[in-house]
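Chemist: Pasting in a structure now, in structure tokens, and then I'll have a few things to ask.
What follows draws every value from the coordinates through simple rules; no lab data is involved. If you're wondering where the values come from, they're calculated on a predicted model, not measured in any experiment. With ideal geometry, Cβ positions are generated from the backbone for all residues, glycine too; neighbour counts draw on all protein chains shown.
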Amino acid sequence: MKASLKRLTMTAAIVAGTFVSVAHASSDDTTRDLDAIGSAIRPGPADPTIAHALQQISSRQIQHTIETLVGFHTRDTLSSMTKDLPPGQGINAAADWIESEFERYSEACGGCLEVRRDTFTESPQSRIPQPTTITNVYAILRGSDPVQAKRMYLVTGHYDSRNSDTLDTHGEAPGANDDASGVAVSLECARVLSKLKFPATLVFVAVAGEEQGLNGSRHLARLAKSEDWQLDGVLNNDIVGGNTTPGDTLQDKSVVRVFSEGIPASATPEQQKLIQALGYESDSSSRELARMILGVSETYPGMGPVLEFRRDRFLRGGDHTSFNQEGFAAVRFTEWREDFNHQHQNVRTENGVEYGDLLKFVDFPYVAHVAALNAATLATLADAPPPPSNVRIVTKNLDNNTTLTWTAADAPPGTKYQVVWRQLADPYWVRFTDKGIEPSGTPAGSYSVTLPVSKDNVIFGVRLVDAQGHSSAAVVPIPER
Ligand SMILES: [Zn+2]
């Protein structure tokens, strides 16, 4: 294909926002329309400010967070109702400490964080035998741009833990990996990113109730929905400790799994029909967020995401699902290979096998690398222009060109517009419209571009990129007739 491209002569002209190309290939060779224009996807430029912030991420600080959380003996959600735990034990003590950490980071940035503690009572259900108070703790770094600040990106982990019995309020439940590691990611993102300013808003969260049935995250997701938060991306970190079991040679410390739903949990029957009709089973907003994370990892190398095109691990769930159910884009980060002797197990040794979610199995530098990928993603999204809205593919006439339209009313000056595409069987975006392909725009922020690529053979997306190269996630078009 490379050789054929060399022999290809192409003339291109922009006519009123329409990209017109005339390709003459030699008779013994052809270049398909989808390869003939644009450029191969390549990593965006690193932002020195973000790169510097990532260097501040500290595996020692992460170790301190995880050690402190393990030190509360149990963080079982139901322990919030016990009266007989020694001081410094139980989930309420853990909530107090997390809140104090957020306050400490906020003091260091001149009060830049709004620290919130949201306590609610959950009524009895299968893993909650009596009315139980559950507390979410979070900190908001409000965006510096009054228009862009409406957009929010959220990172979360669950600070509750459990042992073999999820109703055990007193037994040891260290939860070092599940999920003090995820809380450490959330806190470390807060500590490091609160030293910067972003146009959009970031929210750093620690929820409880995950082990009882995703109660804390469900409460927060519903709050976000009811208060109309413009929540454009949620990163859930759960079991990101890089479990190290002596003798296990199959853990891969160079990667982290990123799970994303295909068909949105919130899709109505009509939306599901449209997804099937268009072949968009792998293009939910969560999936586009996952693809965006892959791009970020190439700009800021260190931890390779393995995109898992599945809502969560086989038949299992997590807090991102709560956000998916309310219609938000949300993904889950989890280490490559879990050790089930070190999750949801009473601490004990049987036949020489150590059980329990112990501190000693956590790899703190690994958690730091996961935190860096999270922080780079949050910072890029919060710096990037908003994703385009009303993205449409014009289908009035049947032809082999494709006309895309979108609006970008709130895009800051200097925003560039990229159309990305891939063949139907490709997992990731492959090509994008590079220099020389500019959409036509109106002052009101409506844009249009026509590409000589058949909509039948590719999936298109539109993303917005600012002058420094921060890119939004792509949005796939729906038909406009
Ligand atoms: Zn968990």
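Chemist: If the reach is capped at under 28 angstrom between alpha carbons, list the lysines near residue 195, excluding any in the same chain fewer than eight residues apart.
Modeler: Once the sequence-local lysines are set aside, what remains near residue 195 is 150, 416.
Chemist: For residue 416, list long-range residues whose amide hydrogen, built 1.01 Å from N in the peptide plane, is under 5 Å from its own amide hydrogen.
Modeler: Close amide H contacts, sequence-distant or interchain: 465, 466.
Chemist: Aspartates and glutamates within cross-link reach of residue 435: Cα-Cα under 17 Å, excluding same-chain residues under 8 positions apart?
Modeler: By straight Cα distance, residue 435 reaches 35, 466.
Chemist: Output the lone cysteines of the chain: those with no second cysteine's C-beta under 4.7 Å from their C-beta.
Modeler: Singleton cysteines: 189.
Chemist: Which aspartates and glutamates have a Cα lying under 17 Å from the Cα of residue 225, excluding residues fewer than 8 positions away in the same chain?
Modeler: Excluding near neighbours in sequence, the set is 118, 319, 326.
Chemist: Further question on the same structure: Quick check on the chain: helices-only [θ] at 222 nm, where DSSP H runs of length 4 and up contribute -39,500 (n - 2.57) each and the sum goes over total residues. Nearest 500, please.
Modeler: Numbers: 12 runs with 128 residues, N = 481.
Theoretical 222 nm ellipticity from helices: -8000 deg cm²/dmol.
Chemist: Counting only other residues whose beta carbon sits under 11 Å from that of residue 295, what net charge do I get with K and R as +1, D and E as -1?
Modeler: Working: positive: 42, 291, 463; negative: 288, 298.
Taking every Cβ under 11 Å from that of residue 295, the sum is +1.
Chemist: Something else now. Using θ = phi - 60° and the Karplus curve 6.51 cos²θ - 1.76 cosθ + 1.60, what whole-Hz ³J(HN,Hα) does each residue of the stretch 249-264 get, with Gly and Pro shown as x?
Modeler: 9, 9, 5, 10, 7, 8, 9, 9, 7, 10, 8, 9, 6, x, 7, x
Chemist: Separate question: Sort 133, 380, 156 so that the residue with the fewest other Cβ atoms within 10 Å of its own Cβ comes first and the one with the most comes last. Each step should come with its number before you reach the end.
Modeler: Values: 133 15, 380 28, 156 33.
Listed from fewest to most nearby Cβ atoms, that is 133, 380, 156.
Chemist: When only C-alpha pairs under 8 Å and at least 6 residues apart count, what is the relative contact order of the stretch 203-327, in percent? Mind dumping the intermediate values first?
Modeler: On the way: 129 pairs, mean separation 45.1, N = 125.
Relative contact order here is 36 percent.
Chemist: Mind checking the dipole of the chain: about its Cα centre, +1 per Lys or Arg Cβ, -1 per Asp or Glu Cβ, Debye to the nearest 20? Present the calculation step by step, with values, prior to reporting the outcome.
Modeler: Numbers: 44 positive and 58 negative charges, 294 e Å.
The calculated dipole for the chain is roughly 1420 debye.
Chemist: Return 178, 357 ranked ascending by Cβ neighbour count within 10 Å, so the fewest neighbours appear first. Working shown, then result.
Modeler: Details: 178 27, 357 30.
Arranged by neighbour count, lowest to highest, 178, 357 become 178, 357.
Chemist: Placing unit charges on C-beta atoms (Lys and Arg positive, Asp and Glu negative, everything else neutral), compute the dipole magnitude of the stretch 255-348 about its Cα centre in debye, rounded to 20.
Modeler: Working: 11 positive and 13 negative charges, 54 e Å.
The calculation lands at about 260 debye.
Chemist: Could I ask something else about it? Within the chain, which is the longest segment containing none of the GluC sites (Glu not before Pro) that sit in a DSSP loop and have at most 13 other Cβ atoms within 10 Å?
Modeler: On the way: sites that count: 227, 281.
Answer - 1-226.
Chemist: Per residue of the stretch 396-412, what does 6.51 cos²θ - 1.76 cosθ + 1.60 with θ = phi - 60° give for ³J(HN,Hα)? Whole Hz please, x for Gly and Pro, Karplus curve as stated.
Modeler: 5, 10, 7, 7, 9, 8, 10, 9, 10, 10, 7, 10, 8, 4, 9, 5, x
Chemist: Another question, if that's okay. Among 126, 100, what is the fewest-to-most ranking by other Cβ atoms within 10 Å?
Modeler: On the way: 126 8, 100 11.
Fewest-to-most ranking of 126, 100: 126, 100.
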